[in-house]
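Undergrad: This is the structure I have questions about; it appears just below.
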Amino acid sequence: MADNVTTTPREDLSGDKMPQAQVRAGADDAVVLLVNTDGRIVEHVAGDLTPYRTGEVQEVRGQSLSLLWPGDVVTAIRDRVRHAVRRRCVSRVDVALREADGQKFHEMTIMAHGRDRALVICRDMTDKTSMDDEIRELAFRDTLTGFPNRAAFLKQLGLALGEAKLGGRALSVLRIRLRGLDDVNRSFGRGAGSDLIRALTERLSEALADKQGPRRHLPARCGVLVARTEGNEFSVLLDGTAASDTLEHFALDAMEQMSRPIKVAGQDVALAPSTGIACFPQNANDMESLIANAGIALNETRNKGSQAIVFFSSTTQLRSLSHIDVSHELRWALDNNQFKVHFQPCYDVTTQRVTSAEALLRWFHPLRGLVPLHEILPIAQVNNLSHELGEWVIENAFREASAVHGADNWHISINLFARQSFAPDLVDRAAAMAAHYKLSPTRIRFEIRAADYHRNQNASEDIVRSMNEAGFQVVLDDVGLDAINLNSLLRSGIRQLKLGRKLVEQLPDNADACRLAAAYVAMTEPLGLQVCATGVENDAQYDCLRSIGCRRMQGFFLCEPLPTAEFSAILNTPSARVA
């Protein structure tokens, strides 16, 4: 076939009866010819032939079709004419012609017309083809980022997987989720969230184009496809590798690009990426399973913090199936009041008295008994139950606290889920509930995790100020190995830090942990910031904390979480452990 033409036969539209066609001159600017089976023009029925002529002959009747089109096109048309006459049907051929003003696309429709003739209708489809290409492009392209979308990713993954099976090569799917986008949308509006996603993807594109970027970890022949498959999720196809160290290094570099702060509405905002990975052929043999298993691994990252990476395994799969069962039971428990609030006291070891008590959620399952809190919270977050559970805890903590008699000089401390912390009506609802249960807002402390606070620092400062204006206090919870911004805490009005369990459990054996805990106490007390150590489990931790000047402590070593009645009984009684 000649270099300047391609022909693509379409499926015949066959029928027993002769097609009844009425051809209108000039319709759709079509050229209509009556052609016999040997490829000669019997009649020029309609349309302008000028763009197609290859010679000076004006009269086309009796001439070969080669007067108008190249030989390979003529051959294709002649074959279709014979086929249409023989079968009494309609045939079509798509033709691409390279002309002086660019490539043109034509549709040739051949309709049987008599015993040895056919109508050949030629339409210029160049504009329509361009439009079709644009539509196809839009169908497979994410309009916000310009990245391939989910449909394009699935299509390419299916092709790559088929080739990998034939060629015996490996491939991997990475699902990267950016946590914190909902908070940005609530705080700054969806337009700001879109700007943030767009900026992050531009940065990632530049990094992938850089030879010293994430690609440097991959084999030279490894193909890379990055697609935006959900609002806050990107999927990556690595066609040619399944080596765990290679995948881990690539993912870490990619997430580092997406976790660095970006200016949104004049403020620094950072999202928290995490990655789940599944590989062919180790983890799955088909496209659906590969994507699902990468999703299972991604869900396992929820308890591991920012830039966590989890590879799919049989263990993660079993945990996922268990979570599905538990999530249904969790919803049932919420609807059927199986939860309780217990209070764990925080002691001032100098006065030996309770200064505050943290309201902790307890789930008493009819068969499993007491379900640990660390099992409840991740499942609630995965299944979007955290907001409802958080609301339940606030109201029931207020109700139970109002029933504690004999002292009103202790503070109620309530943990907030990340989604709950940035809910626009949180302060108003909490104030209304406090008034209903006749509790002074000054006795109520809301705890925000340090990681959530610093993920969106400017919005967090606004939330803390709103709570302070309503009379509530705010505690920065789970302070540990990551740096905190003391200036931001002072600006917002936070007045207490809680040293997290991960830091306290390293005391006193880890010298760095001891120095860090001592530094928190030394820095914050002169600034008017109280420090409370949580998760104190033994006398060695207790003695270490006392030696560095930490006055407030909470943990099983001092007192376990108690139901309301038992907490009331010990409220004015010094802990046997405090000395």
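Every number in this text was worked out from the coordinates using simple rules, so none of it is lab data. As the structure is a prediction and not an experimental result, all values here were calculated from the model. Cβ atoms come from the backbone with ideal geometry, glycine included; neighbour counts cover every protein chain shown.
Undergrad: Just the ratio, please: alpha-carbon radius of gyration of the range 132-273 over 2.2 N^0.38 Å, N its number of residues. Mind dumping the intermediate values first?
TA: Numbers: Rg = 15.9 Å, N = 142, 2.2 N^0.38 = 14.5 Å.
Taking the Cα Rg and dividing by 2.2 N^0.38 Å, one obtains 1.10.
Undergrad: Given a Förster radius of 22 Å and the C-beta distance between Ala199 and His249 as r, what FRET efficiency does 1/(1 + (r/R0)^6) yield to the nearest 0.05?
TA: Working: r = 24 Å, r/R0 = 1.10.
Between Ala199 and His249 the formula returns 0.35.
Undergrad: For Leu34, what is the net charge nearby, where nearby means another residue's Cβ is under 12 Å from its Cβ and Lys, Arg count +1, Asp, Glu -1? Intermediate results must be reported in sequence, preceding the final value.
TA: On the way: positive: Arg40, Arg61, Arg117; negative: Glu43, Asp116.
Residues near Leu34 contribute +1 overall.
Undergrad: Can you divide the C-alpha Rg of the range 185-228 by 2.2 N^0.38 Å and report the result to two decimal places? Don't skip to the answer; put the middle values down first.
TA: Values: Rg = 14.2 Å, N = 44, 2.2 N^0.38 = 9.3 Å.
Output field value: 1.53.
Undergrad: While we're looking at this one, here's another question. Taking only the alpha carbons of the range 455-579, what extent do you get along each of the three principal axes, in Å, biggest first?
TA: For the range 455-579, the Cα spread along each principal axis is 41, 40, 24 Å.
Undergrad: On to the next question. Taking every pair of Cα atoms in the range 463-505, average 1/r, invert it to obtain the Kirkwood radius, and report Rg/Rh to two decimals. Write down the numbers at each step before the final one.
TA: Working: Rg = 11.5 Å, Rh = 11.1 Å.
Looking at the range 463-505, the ratio lands at 1.03.
Undergrad: What are the ³J(HN,Hα) couplings of the range 214-226, residue after residue, when phi is run through the Karplus curve with 6.51, -1.76, 1.60 and θ = phi - 60°? Round to Hz, x for glycine and proline.
TA: Computed from phi, the couplings for the range 214-226 are x, 5, 5, 7, 9, x, 4, 8, 6, x, 10, 10, 10 Hz.
Undergrad: Arrange the following residues from fewest to most other Cβ atoms within 10 Å of their Cβ: Tyr453, Tyr437. The partial results should precede the final answer.
TA: Values: Tyr453 27, Tyr437 14.
Placing the least packed residue first, the sequence is Tyr437, Tyr453.
Undergrad: Here is a further query. With θ set to phi - 60° and the Karplus curve 6.51 cos²θ - 1.76 cosθ + 1.60, what are the ³J(HN,Hα) couplings of the range 460-473 in order, to the nearest whole Hz, using x for Gly and Pro?
TA: 5, 4, 4, 4, 4, 4, 4, 5, 5, 5, 7, x, 7, 10
Undergrad: Give me the extension gain from Ala209 to Glu560: residue separation times 0.36 nm, minus the current Cα-Cα distance, reported in nm with one decimal. Before the final figure, lay out the partial values.
TA: Working: separation 351, 0.36 × 351 = 126.36 nm, distance 5.46 nm.
Contour length minus the Cα-Cα distance gives 120.9 nm.
Undergrad: Another one. Across 10 Å bins from 0, what is the distribution of all Cα-Cα pair distances for the range 334-570, in whole percents?
TA: For the range 334-570, the pair-distance distribution reads 7, 32, 38, 20, 2, 0.
Undergrad: Calculate the spin-label point distance for Leu49 paired with Ala265, positioning each point 7 Å from the Cα along the beta-carbon direction, and give it in nanometres.
TA: Computed distance between label sites Ala265 and Leu49 equals 6.9 nm.
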